[in-house]
Amino acid sequence: MIDSILLQFMLIGLLGIGSQWAAWRFRLPAIVLMSIAGLLAGPILGLINPEQDFGDVYRPIIAMAVAIILFEGSLNLDIKEIKGLGRPVVRIVTFGAFLGWVLGALAAHYVAGLSWTVAIVIAGLFIVTGPTVILPLLRQAKLKARPAKILKWEGIIVDPIGALLAVFAFEFIQFILSDEVGVPALLAFFLASLFAAVLGWACGKGVGWMFETGYVPEYLKSPVVFTVVIACFTISDEIMHETGLLAVTAMGMTLANLHIPSISDMRHFKENISLLLISTIFIMLTASLTTDTLFQILNFQIIGFVLLMLFVVRPLSIWISTMGTDLTKSEKLLVGWIAPRGIVALTVSSYFASALLDEGYEDANLLLSITFALVFSTVVAHGFSIQWLAKKLNLSMEGPPGVLINGSSSFTVTLAKTLEELKVPVMIIDSSWERLSIARQAGVPIYHGEILSEQTEYTMDMTPFEYLIAASELDSYNALICTTFVPTFGRNNLYQLSLRNQSGDNLEGLVHSIGGRILFEEGASWEKLNELAKEGYKFRKTSITQKFTFKDYLENKNPGAILLFIKKPSGKIDFFTEDFPTKAEQGDTVVSLMPPDKEKDKIQSRLEEQRNGRDES
């Protein structure tokens, strides 16, 4: 056991972020790796036990982290996003949640063997999915827009609803069975829930007004938001346990629909904080479990309950609640299967386990085991199956990584046509119909709109694209685009063309500090590339083999050729840039811009013949 609290914090952070990195590196569900890491560090190896070692601060840390995570998730709940999906979402989070509660209570009583009181309380909690588990899965799976939005909205909205249902069930049963609990207690519950919703709305409105009127300086905006979130959660939770989740959800949704630029600017920062909190809290929760809890999971009644929740309760509640909506059978099947439980279920169930035990319900000692069994089973089952199932149901955007090009010109259109020929998804976006006419005539997929506008964010699906090329005639605009989309694409996948600045201003330092990676060799500017494209320069594709290596290609390539990119067999694209050298390997295809001169074409023909001759030999 590690005695130092500081060392424990360090280990928790390393395990959490290490699990996230390993999940990215090996394309595995992050939540599964975090659960395994927490179990290894906690009950299996006995290195840490955060609940025991952190003492009284353990639960407040978890509670505040959950509040921030839920708030950050609710900031993405813009009403514009569910245009055309309002009816299915409303049905799922109301009627579907109620069906899940009823069916879950029946399963908990008749299969898990829990008393009616404990079964009804815990079934309300088990309808939650939540952003802590849903959002990482959606990032991993690359679902199409419709099912992804439904799962996201359900996960964030139902999180507080599930906790409140469990509280309501607990209060209602006490009202029925106890002479000490009367109508005032039930009335207090409803008033506290209403107060939480109003408080969240008021906090969101207040923060929005302060930001819009300039009462908060830019450097204090993020600290102010987080402070208000914690205050909003704490005040509500002190009045009535678990209503704080409703308050922060209401606050986040209010801010999301005010469309304040400051909130949008902070969104990616808050996403980073949320990712850090998810990583650490999941490790803390799983590491705090005991070996007794793990052994109880092997009870056949608990296993039967988990199987029923997976294969009967969830699919049936979704299928019935979405009858009469425009959801397809494939969408119903996917949404009906994907329902991983996460942090909220684990944290709130421990509270109810204590409360129900205090009331004399001895079977409540099984709650933590049942909850973890359901959490771990759903996380593993759904984490490993979501991509496969989405692909089978044709609801996945899985495919070769695509290229999004901002700026229509002679060069970018020819580049897009070449990428299409190599089976790479590509699209050109431009705010000018006149400039897009070149792309339209060439038959290249286009989008008419301003890439930085909010409207484009809601109407254009960027999921198929992993690379972005900013190729307008303005250096500063290209740099702004690349900087804006760093959180979406990652800095290594953002590129821009350099320009010969006609005004004489030197923007090189600006571009290198805040923009994307400069494409192609030095001197291959936007003006030069478009001039060459108009002069008839050709895009040449050359395969690299064991006999004809990349070194051979470089030694024999046309002196006037400009290396553009390498297409890997996996579909990955490696662009040639000024600052990062890249190298082609066997099986790759090298694409370059070649002069149209007939003599030079003959050189290229001999080059191709030489390569083919080596292959045959």
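When the pairs LYS142/LYS538; LYS152/LYS567; LYS149/LYS567; LYS417/LYS547; LYS142/LYS221; LYS391/LYS423 are compared against a 23 Å limit on Cα-Cα distance, LYS142/LYS538; LYS152/LYS567; LYS149/LYS567; LYS417/LYS547; LYS142/LYS221 fall above it. For the chain, the calculated P(r), taken from all Cα-Cα distances in 20 Å bins from zero up to the bin holding the longest distance, is 18, 45, 28, 9, 1, 0 percent. For the pair ILE320 and LYS423, a Förster radius of 41 Å applied to the C-beta separation gives a FRET efficiency near 0.50, rounded to the nearest 0.05. Modelled this way, with points 7 Å down the Cα-to-C-beta line, the labels at SER437 and ASN556 are 4.4 nm from one another. Relative to the current alpha-carbon distance between TRP24 and SER476, full extension at 0.36 nm per residue lengthens the span by 159.5 nm. The order of the peptides 276-285, 430-439 by mean Cβ neighbours within 10 Å, most packed first, is 276-285, 430-439. On full extension, the segment bounded by LYS329 and GLU521 gains 64.1 nm, given 0.36 nm per residue less the C-alpha separation.
Here the contact order of the stretch 262-379, divided by its residue count and restricted to Cα pairs under 8 Å and six or more residues apart, works out to 30 percent.
The order of MET210, MET427, MET1 by accessible area, most exposed first and with a 1.4 Å probe, is MET1, MET210, MET427. Take 490-496, 25-31, 67-73 and order them by the average number of nearby Cβ atoms within 10 Å per residue, most first; the result is 67-73, 490-496, 25-31. For the stretch 32-73 versus the stretch 526-577, the spacing of their alpha-carbon centroids is 51 Å.
Compared with the alpha-carbon gap, the fully stretched path from LEU14 to ARG87 is longer by 22.0 nm at 0.36 nm per residue. Label separation (LYS80 vs LYS392): 3.8 nm, computed from points 7 Å beyond Cα along the C-beta direction.
Entry comment: accessible area of the stretch 305-445 is 38 Å² per residue, from protein heavy atoms only and a probe of 1.4 Å. On the chain, 61 percent of the accessible area sits on carbon and sulfur atoms, based on a 1.4 Å probe. Taking every full run of DSSP H in the chain, the ones that stretch at least 18 Å from end to end by Cα along their long axis and average 1.0 or higher on the Kyte-Doolittle scale are 5-26, 58-74, 97-110, 145-177, 183-212, 221-239, 243-256, 343-358, 367-392. The mean sequence distance of close C-alpha pairs (under 8 Å, at least 6 residues apart), as a share of the length of the chain, puts its relative contact order at 14 percent. For the stretch 313-456, a simple Cβ point-charge model (Lys and Arg +1, Asp and Glu -1, everything else neutral) yields a dipole of about 620 debye relative to the Cα centre.
The mean sequence separation of alpha-carbon pairs under 8 Å and at least six residues apart, normalised by the residue count of the stretch 17-72, gives a relative contact order of 16 percent.
The values are calculated or read from the model by the stated rules, or taken from the named source; none is laboratory data. Values in this document were obtained by computation on a predicted structure and should not be read as measured data. Note that each Cβ is placed from the backbone with ideal geometry, even for glycine, and that neighbours are counted across all protein chains shown. The protein model used for the area step is the full one, side chains on, heavy atoms only, and it has no ligands, DNA or RNA in it. Shrake-Rupley method; radii C 1.70, N 1.55, O 1.52, S 1.80 Å.
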